[in-house]
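J.: I'd like to ask you about the structure that follows.
Throughout, read-outs are computed from the coordinates displayed, never taken from laboratory work. Here the structure is a predicted model, which means the values were calculated and not measured. In this analysis, Cβ positions are derived from the backbone assuming ideal geometry, glycine residues included, and neighbour counts consider all displayed protein chains.
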Amino acid sequence: MTLNTDNLAPNRLMSAAELKQAERLLRRLDRHFAAQKKDELRPKDLQLGYSHWQVKREAIGSEIDILAATVLERELALARYMVVHVRRNDGYEATLQVLQFGFTRMFAWNRWGWCLEGRSLRKNGTLGERPNDVCFDDALINKRRIDGVWEPLSLSKNAGIVP
Amino acid sequence: MNIAPDSLPYGAAPAILLDCAQQLHEMDGRPFTFDDFCVALGASRSESEPVIEQLIVDGFLYPGDSADATYICSSRMGQLALAKISHGLPRDEATRLLNAVIEKSEAINADPEKYPYAVTCLAVFGSFLTEKEVLGDLDIGVTLSLRECRREKFGLTSLKRGMSSYAKTLAALRLRKPAKISIHEMDEVIRLETPYRVIFGEMPSLSSQ
C-alpha cells in the first residue's frame, strides 16, 4: 500500500553546496566508525576507548543537526521544538516533539532520509519523557500549532531549486 | 484558577498551556532559558516568543538575575499549573450544591449504621466567599468524628475498615460531583490561612483535633 506523500528526500531539498557538505559530514562519520572498529581490535591498554569516539561523533552530529535544521526550516518550515506527526508512505506513523535533526543514507546507501529525534507525547497529549525518533524520505508531516490545531507542512515553492 | 475549554489564553490551547506551566513549575524555581520554555510549550521559537512575553507581563515569569537570558517562575505559575480546564461553576449552582451538601451531612448524622463517622463541622472557603459570579469549584472543609457507639466496635484491629468508612463519608459529601465539589480536611484549610465560613456544626477546638 502506498500513500499519497511528498518526496522530501534530503538530496532533493538541499542545494549543491549543502549536499556536498552533507556528503562530507557523512563520510567523516563513516571514517570515525571504521577507525573505532580498528581501535577495538587493538590491545585494551592501547585502545582510545568508546568515549573518545563518542566525543568525535557528537561533534559531527551537531554539524549535521545544524545543516539539517537549516534545510528543513527553509524548505518545509519545520523548526526545532515543534510537535509533529509524521506519516511515511509505508504507513508508519510517529508523533514526537523534535529536539534534534539529522540525515542519513538508507537502504543500501542509495536513498537519503531525514532523521528527527525527540520525545513522545503521552496518551493524553501532554509532552512525555520517552525518547522517540523517525527517519523518512517520502512522508506527510503535520505540525501541532499552539492553539492545538494540526496543520500540514508543505514544501516551499522554491523547494529543490535552491542554488 | 479556571480556564474555559474553548478559550485560547495567550493564543494557546488550555491543555498545551497547562502542560507547559506544569513542566516549568516542576523546575522548583530554578532559572531556565528561552529554549527550555520552547521545549515545555512544544512550539518553535517564533511561536513561543509572544507567549513568553505575555506571561512575563502578567507576572507568571520574571527575568533571572544572571547575565545570560534566563527566566524564573513566580508563584502565579504554580496557580496556572494547578488550574482546571472547565467552564466553571455558576454561583447559583454552587449555592444549590452547598445546600445539598448540608442536607447530606444531616442525613449522614442521622444514619450511624451506614456512616460510622459523623460530620461535626462543614466550612466553605475559596472563591465562594468572593464576589465572583462564576467559581472554579465549591471548596468545602470538613471535620469528621467516629461516633461513640461505633468506637468500640471498630477497635484498633479494624483500622482499615475505619479508613474506608471515613472515605465513604467524604465521598458521600462530594455528591458524586468531584469536578464541582472539592472536599478538604479542616486542618488543611486552617493551614492555608485562607478565610472560611462555618456552615454546619461547630468548629472543633484545635486541642480536640
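J.: Taking the Cα centre of the protein assembly as shown as the origin, how large is its charge dipole in debye, to the nearest 20, when only Lys and Arg (+1) and Asp and Glu (-1) carry charge on their Cβ atoms?
T.: 1280
J.: Next question, about the same structure. Run the quick spin-label model on residue B:86 and residue A:126: label points 7 Å from Cα toward the beta carbon, then report their separation in nm to one decimal.
T.: Output for this residue pair reads 1.7 nm.
J.: With θ taken as phi - 60° and the coefficients 6.51, -1.76 and 1.60, list the Karplus ³J(HN,Hα) couplings across the range A:120-127 in order, rounded to whole Hz; mark glycine and proline as x.
T.: With the stated coefficients, the range A:120-127 comes to 6, 9, 6, 4, 8, x, 7, 6 Hz.
J.: Pull up all non-local amide H partners of residue A:112: gap of 5 or more, or a different chain, and H-to-H distance under 5 Å with H placed in the peptide plane.
T.: For residue A:112, the qualifying residues are A:11, A:106.
J.: For chain B, with a Gaussian network of springs between Cα atoms less than 10 Å apart, report the residue from B:70, B:143, B:120 with the top mean-square fluctuation.
T.: B:70
J.: Given a Förster distance of 41 angstrom, what is the FRET efficiency for residue B:26 paired with residue B:179, based on the Cβ-Cβ distance and rounded to 0.05?
T.: Using R0 = 41 Å, I get an efficiency of 0.95.
J.: Given A:140, A:155, A:46, which one lies farthest toward the positive end of the charge dipole of chain A, if we put +1 on the Cβ of every Lys and Arg and -1 on the Cβ of every Asp and Glu?
T.: Of the options given, the answer is A:46.
J.: Let me ask another. What translational diffusion coefficient, in µm²/s and rounded to a whole number, does the Stokes-Einstein relation yield for the range A:1-88 at 37 °C and a viscosity of 0.692 mPa s, taking the hydrodynamic radius as the Kirkwood radius over Cα pairs?
T.: In µm²/s, the coefficient rounds to 210.
J.: Positive end of the charge dipole of the protein assembly as shown (Lys, Arg +1 and Asp, Glu -1 on Cβ, about the Cα centre): tell me which of A:95, B:108, B:144 has its Cα farthest that way.
T.: A:95
J.: Please compute, for the alpha-carbon atoms of the range B:1-108, the extent along each of the three principal axes and give them in descending order in Å.
T.: 62, 26, 20
J.: Per residue Cα convex hull volume for chain B, in cubic angstrom?
T.: In chain B, the Cα convex hull volume per residue is 161 Å³.
J.: May I pose another question? Would you work out the charge dipole size for the range A:1-148 about its Cα centre, treating the Cβ of every Lys and Arg as +1 and the Cβ of every Asp and Glu as -1, and quote it to the nearest 20 debye?
T.: 220
J.: Shielding of B:189-201 by partners, i.e. mean partner chain Cβ atoms within 10 Å per residue?
T.: Mean shielding count: 0.
J.: Could you give the length gained on full extension between residue B:70 and residue B:46, defined as 0.36 nm per residue of separation minus the Cα-Cα distance, in nm?
T.: Answer, rounded to one decimal: 6.9 nm.
J.: For residue B:164 and residue B:99 in one chain, what is 0.36 nm times their gap in residues minus the Cα-Cα distance, to one decimal in nm?
T.: 20.9 nm
J.: Here's another thing I want to ask about it. Over the Cα atoms of the protein assembly as shown, how large are the radius of gyration and the largest Cα-Cα distance (Dmax), in Å?
T.: Every Cα atom of the protein assembly as shown included, Rg and Dmax give 29.4, 90 Å.
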